[in-house]
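What follows is one structure encoded as structure tokens, with my remarks underneath.
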Amino acid sequence: MVVLWLMLLLAIITATGLLLSRDWRWSLGLLAGLYLGVFWMVQVHWPITMATVKLVTGWMACAILGIAQINARVEREKDNIWQQGRLFNVFAAAMVLVVSFSLSVSMANWLGLSLLVAWGGLLLICLGLLHLGITSDSFRVVIGLLTVMAGFEVLYSAVESSALVSALLVVVNLGLALAGAYFLNIAQEKTA
């Protein structure tokens, strides 16, 4: 139970850090940490081998995006609007934290989940959607989509434990990472 609390705290810190970070290296490191938290939350309901698949898939998605960022070499200008909006992002993340907790209490009873797993999954979905709502950069959009998918996988792991569904979610995650890599390379070709 203590490990689950620590992994929930890790998910909160990494998902909020993804929202606040602008350096792609930090973002990929935070995403890798997020997948470590997802691994422990999924491991509550799935065998360790299937939960390990989530961890490896997430790290592979980070590697794909990292290689695409290195190859793209897109010079991004400093975003002055981002510097002004940092306080808003912190406030919005705090609101999402409170709202997701209040919704997770009823969701945990409805789905028969542990409160921590329900809160973690719902929090990741909401913070990922918030991330999607405030960015238009293709790299940031893929990070937001992967965060939403991670939250969905945490909630779905309690409902279904099929290996085929797990494989399908792996394909979706890797497909998102490859699509993000493609869009990063397209952006490089347009600027060149």
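Read-outs throughout are calculated quantities, based only on the coordinates presented, and are distinct from any laboratory measurement. All values reported here derive from a predicted model rather than from experimental measurement. All Cβ positions, glycine included, derive from the backbone under ideal geometry; neighbour counts span all protein chains shown.
Here are a few things to note about the model shown:
- In order along the stretch 121-133, the Karplus-derived 3J(HN,Hα) couplings, from 6.51 cos²θ - 1.76 cosθ + 1.60 at θ = phi - 60°, round to x, 5, 5, 5, 4, 5, 5, x, 5, 4, 4, 5, x Hz, and Gly and Pro are given as x.
- Exposure proxy shown here: for Val44, Val142, the number of other Cβ atoms within 10 Å sets the order, fewest to most, as Val44, Val142.
- Taking Thr147, Thr57 and counting other C-beta atoms within 10 Å, the order from fewest to most: Thr57, Thr147
- The value given for the stretch 97-179 is a Kirkwood hydrodynamic radius of 13.3 Å, derived from the mean inverse Cα-Cα separation.
- Contact order relative to length of the chain, as percent, for alpha carbon pairs under 8 angstrom and 6 or more apart: 28 percent
- Ordered by the count of other Cβ atoms within 10 Å of each Cβ, fewest first, Thr52, Thr191 give Thr191, Thr52.
- Summarising the label geometry, the points placed 7 Å from Cα in the beta-carbon direction at Ala179 and Trp5 lie 3.9 nm from one another.
- Between Val56 and Phe101, full extension at 0.36 nm per residue minus the direct alpha carbon distance yields a gain of 13.4 nm.
- Among residues other than Val172 with Cβ under 14 Å from its Cβ, the summed charge is 0 (Lys and Arg +1, Asp and Glu -1).
- Averaging Cα coordinates gives a centre for the stretch 152-172 and one for the stretch 1-19; these two points are 20 Å apart.
- Comparing mean-square fluctuations of Phe88, Phe101, Phe152 from a GNM of the chain with C-alpha springs under 10 Å, the top value falls on Phe88.
- Near-label residues of the stretch 1-31 by backbone N, under 16 Å of a point 7 Å along Cα→Cβ of Val165: none
- Average silhouette area of the stretch 87-137, convex hull of alpha-carbon atoms, in square nanometres: 3.6 nm²
- Here the scattering of the chain is modelled by Debye summation over its C-alpha atoms, one equal scatterer each and no solvent; at q = 0.14 Å⁻¹ the log10 of I(q)/I(0) is -0.75.
- Think of each Lys and Arg Cβ as +1 and each Asp and Glu Cβ as -1; about the Cα centre, that makes the dipole of the chain roughly 240 debye.
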